[in-house]
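Only one structure is covered here, and it is reproduced in the block below.
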Amino acid sequence: MTLEKKTINDKYEVVGNFKHLQIREAIVVEDDGVQVAHSWHRRVLSPDADISGENSEVQGLANVLWTQEIKDSYATHLEEIKNRP
């Protein structure tokens, strides 16, 4: 019996005006190559995220989506929220 846990980025979605990158991860547990458990996990990356620890696919998507204009617009948006009374 050999248990192996794999996490696979299986779906990417671009959401909203600031191009948030939503990542769906499939978490699969296999016993001798036969799937015995499966679950999903979602996470969202914002244009101000540190993507240095992400895989090359996620980095590539973020670099294409998050232009300087998007990053600046998102930073302005965050400042506006912060300064609301």
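The values are calculated or read from the model by the stated rules, or taken from the named source; none is laboratory data. Since this is a predicted model, take the numbers as computed values, not measurements. Virtual Cβ from ideal backbone geometry, glycine too; neighbours counted across all protein chains shown.
Of all residues in the stretch 27-85, those being hydroxyl-bearing (Ser, Thr, Tyr) and either modelled with pLDDT under 95 or not in a helix (DSSP H, G or I) (or both) number 4.
Yes/no per residue for (1) out of contact with any Asp or Glu (no Cβ under 6 Å at 6 or more places or on another chain); (2) more than 29 Å from LYS5 (Cβ to Cβ):
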| residue | (1), (2) |
| --- | --- |
| GLN22 | no, no |
| PRO47 | yes, yes |
| ASP50 | yes, no |
| VAL58 | yes, no |
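Summed over the stretch 15-35, the residues that are among the hydrophobic types (A, V, I, L, M, F, W, C) and free of Cβ contacts under 8 Å to residues at least 12 places away in the same chain give a count of 1. Scanning the stretch 60-73 for residues that are under 17 Å from GLU13 (Cβ atoms) and surrounded by 13 or more Cβ atoms within 10 Å (Cβ to Cβ) yields LEU61, ALA62, LEU65, TRP66, ILE70.
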